[in-house]
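First up is the structure itself, then whatever we jot down about it.
The values are calculated or read from the model by the stated rules, or taken from the named source; none is laboratory data. Everything numeric here is computed off the predicted structure, so don't read it as measured data. For neighbour counting, all protein chains shown are included, and Cβ atoms are generated from backbone atoms with ideal geometry for every residue, glycine included.
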Amino acid sequence: MSSTTVVASADEHHAVNPRSRVILASLVGTTIEFYDFYVYATAAVLVFPHLFFPASDPTTALLASFAVFGAAMVARPLGAIFFGHLGDKKGRKITLVGALLTMGIATFLIGLLPTYATAGWLAPTLLVVLRLAQGFALGGEWSGAALVATENAPAGKRAVYGTFPQLGAPIGFIIANGLFLIIAALMPSSDPSRPSDAFLAWGWRIPFLFSAVMVIVGLWVRFSLVESKAFENTVKRGGIQKVPLVAAFKSYWREMILGTFYMLATYVLFYLMTTFSLSYGRAATTAPLPGLGYDYRTFVMMMICGVVFFGIFTMVSGPWADRWGRRRTLIWITSAIALFGLLWVPLLSAGTVGVVAWLFIGFALMGLTFGPMGALLPELFPANVRYTGSGMAYNVSSILGAAVAPFIAVALWSYGGGSPFWVGVYLTVMALFTLVALILGKETRDIDIHH
């Protein structure tokens, strides 16, 4: 086999897509999608409480901003249904292009929105609409990118290839927060607890508008793909379902439930480490909700260093999952996440060294749990409902985990009088739910996904 081609399966020596194209197409789209998502997540902490949700109580404004952040998660299952239907009936390529274009347009338009000061309640209303469009698009993006990677993977390397779309998360985080960091440095504020007037006036819009450039690159890559062999085999044997969602619920409801809970600990850890941590790290020790009191630039630099571990351990997880199996690997990692939740107070009380260790450990665990999901969830379903089934599991879990995680974390932070103890306990409990699902599930490493 040529080094520039992949085969559909071990017994079908059939060139499909060049390996470099598979890797780039699965990576570039999720990088852009997660970049767009992180741009909003960062703005939800830094900008939107000031510009879109004015309130006499800063905590109320922050919670309102997080509520809109979570609203996108509610739209994700709808996106999974819509794009999953297209992906299982019309093919992966056209569906991935549509999801990326939807996300890019919504993100670009957020950068053009009027604020509450100029448009009143129309401003947050439009923000909610565009945020829902972002969630709708991401609901169809991830499963399609995972299918491009795994359905084109060489035999025995599905988990390795499945980590490529997962790498979009740390790369998108670094690009989004790095860009915010550069803009904030060019527009310094005299008050470290508040962005500068120039940043609030127009600087925050730049990352949203910049997404248009990234989307153009992503579309160029994806238009060059050819359809996966798994989907072509389904078409040839007449296996296309009239309504893939109905077929998935009828025959694979157990797999969808298990997949949903497989992702639960991953989602909660993901959004606690990226969204809640930014609020907790920046909150002054004398604030209504006491935190660590770091200035924005310092803490984001610490987070970016932690996200490097996220990327490294995402890549590490692929070979592990191919060697030892998805289920066995994730049982050990999820157990470690449950333990990590109980170590929040000791780590966060140990000064900067403890905070750095907390970030590095949390993001390393994030990579280890997130990486194998790119192979595990698609492997739960046959090709004719794989886009729909994997997308539903992935995105319904986003409601149970990511949609409410920052909101619950702030409430528990308040309940604990500024202590993160109960937030860590929340992570531990969610990890235990995932652990039970993994114990009840079966290993999927050796199944044939091309039929």
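Summary of values
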{"read-out": "Hey, Pro378 modelled with pLDDT of 90 or more, surrounded by fewer than 23 Cβ atoms within 10 Å (Cβ to Cβ) and part of a helix (DSSP H, G or I) or not", "value": "no"}
{"read-out": "Single condition Ser2 does not satisfy, out of (1) in a helix (DSSP H, G or I); (2) at pLDDT below 80", "value": "(1)"}
{"read-out": "Filter result (farther than 21 Å from Ala25 by Cα and of a type outside the set (Gly, Ala, Ser)) within region 83-114", "value": "Phe108, Leu109, Ile110, Leu112, Leu113, Pro114"}
{"read-out": "In region 174-186, the residues that are out of contact with any Lys or Arg (no Cβ under 9 Å at 6 or more places or on another chain) and farther than 16 Å from Phe208 by Cβ", "value": "Ile174, Leu186"}
{"read-out": "Sole residue being within 30 Å of His450 (Cα to Cα), touching a residue at least 12 places away in the same chain (Cβ under 8 Å) and part of a helix (DSSP H, G or I), chosen from Gly218, Gly178, Gly156", "value": "Gly218"}
{"read-out": "Residue selected from region 327-346 under the condition of a type in the set (A, V, I, L, M, F, W, C) and buried (at least 20 other Cβ atoms within 10 Å of the Cβ), by the criterion nearest to Ile439 (Cα to Cα)", "value": "Leu330"}
{"read-out": "Meets criteria (at pLDDT 95 or above, surrounded by fewer than 22 Cβ atoms within 10 Å (Cβ to Cβ) and over 30 Å from Lys90 (Cβ atoms)) for Phe299", "value": "no"}
{"read-out": "Flag for Ile206 being more than 21 Å from Ala80 (Cα to Cα), without any contact (Cβ under 8 Å) to a residue 60 or more places away in the chain, touching a helix residue (DSSP H, G or I) at 6+ places or on another chain (Cβ under 7 Å) and assigned to a helix (DSSP H, G or I)", "value": "no"}
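Let's see how each residue does on (1) surrounded by 24 or more Cβ atoms within 10 Å (Cβ to Cβ); (2) in contact (Cβ under 8 Å) with a residue 40 or more places away in the chain; (3) part of a helix (DSSP H, G or I):
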position: Phe83; (1), (2), (3): yes, yes, yes
position: Asp88; (1), (2), (3): yes, yes, yes
position: Thr102; (1), (2), (3): no, no, yes
position: Val128; (1), (2), (3): no, yes, yes
position: Leu138; (1), (2), (3): yes, yes, yes
position: Ala145; (1), (2), (3): yes, yes, yes
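Results for (1) touching a residue at least 12 places away in the same chain (Cβ under 8 Å); (2) surrounded by fewer than 16 Cβ atoms within 10 Å (Cβ to Cβ); (3) over 30 Å from Pro154 (Cα atoms); (4) in contact with a Phe, Trp or Tyr (Cβ under 7 Å, 6 or more places away or on another chain), shown as yes or no for each residue.
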position	(1), (2), (3), (4)
Gly389	yes, no, no, yes
Ala393	yes, no, no, no
Val396	yes, no, no, no
Leu412	yes, no, yes, yes
Val423	yes, no, yes, yes
Ile447	yes, yes, no, no
